[in-house]
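One structure is given here, and the rest of the page talks about it.
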């Protein structure tokens, strides 16, 4: 095993800024998709040349998300000398352990979402809405639903795991393994466009980072993230007269998660080194790209207030 490399504070900030610049591009692309298309469809609808603005927005978001992950973060990983292929190995988990990880992840998200909905009442926070979800009465709505599934159930979860767990967590983990877990979760939350999304993303990101640390691979986290978003999509598309199925399924998820934790089928012992090391947090939070990311987050949160 190679001996630890000693670096200066300046060198650490430089390394953080390598992936920080790509993260800023990621957030700006999400902002462009979120605000730009609303502005164009309202002021200059002719630019869409007859195409439905939502279809164009979803399609372009798919393409740009993949490009940012592959190109921008690919460049960052090379500059940081990160061997991402090492994080793509298959840990060969048993099916019951995979189910346990998925149930716990969905349970964490449901609790975090129920807390974050308080922002609707106290701060009147807006988030992206997709009224076409579950509407399959026209060809256009079918296309929209297909693009939504491609983006939010597959493309974004996979790209997010590659970005936040495969690159950001791994780089921050060089300074302290658990600092990488918590630091990547914080940045994952800051990359969201409103508080309603940021709160669940912090706790789910924390959990996904723990999984990645445990198995030294992003594949289990990708599986959990995809299944989580598939569950959220199903909650949106199931007709109202079948909501009792969702309620029953949620109860079963909580029971299963509790049983798996009680039976210790999911390892919870994690290295805590670096989690509360103030010097590491100072380096991260005072890096120029992190400061810009915080400013963008404050702007997005402010804009989301109605």
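At-a-glance table
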item	result
Flag for residue 221 being under 23 Å from the mean Cα position of the chain (by Cα), closer than 27 Å to residue 84 by Cβ and either at pLDDT 95 or above or exposed (fewer than 14 other Cβ atoms within 10 Å of the Cβ) (or both)	yes
Selected residue (criterion: farthest from residue 220 (Cα to Cα)) from residues of the stretch 91-107 that are over 21 Å from the mean Cα position of the chain (by Cα) and either touching a residue at least 24 places away in the same chain (Cβ under 8 Å) or buried (at least 19 other Cβ atoms within 10 Å of the Cβ) (or both)	96
Filtered residues of the stretch 126-150 (kept if without any contact (Cβ under 8 Å) to a residue 40 or more places away in the chain and within 20 Å of the chain's Cα centre (by Cα))	129
Boolean, residue 15 is surrounded by fewer than 19 Cβ atoms within 10 Å (Cβ to Cβ), modelled with pLDDT of 85 or more and part of a helix (DSSP H, G or I)	no
Residue 241 at pLDDT 70 or above, closer than 29 Å to residue 131 by Cα, in a helix (DSSP H, G or I) and within 23 Å of the chain's Cα centre (by Cα)	no
Residue check, residue 154 within 18 Å of the chain's Cα centre (by Cα), surrounded by fewer than 19 Cβ atoms within 10 Å (Cβ to Cβ), modelled with pLDDT of 85 or more and in a helix (DSSP H, G or I)	yes
Residue check for residue 67: surrounded by fewer than 16 Cβ atoms within 10 Å (Cβ to Cβ) and part of a helix (DSSP H, G or I)	yes
Failed criterion for residue 236 (all others in (1) surrounded by fewer than 24 Cβ atoms within 10 Å (Cβ to Cβ); (2) touching a helix residue (DSSP H, G or I) at 6+ places or on another chain (Cβ under 8 Å); (3) under 28 Å from residue 31 (Cα atoms) hold)	(2)
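Table: residues versus (1) over 30 Å from residue 81 (Cα atoms); (2) part of a loop (DSSP other than H, G, I, E, B).
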site: 133; (1), (2): yes, yes
site: 137; (1), (2): yes, yes
site: 144; (1), (2): yes, no
site: 148; (1), (2): yes, no
site: 160; (1), (2): no, no
site: 171; (1), (2): no, no
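The values are calculated or read from the model by the stated rules, or taken from the named source; none is laboratory data. Here the structure is a predicted model, which means the values were calculated and not measured. Because the Cβ atoms are built from the backbone with ideal geometry, glycine has one as well, and the counts that use them run over all protein chains shown.
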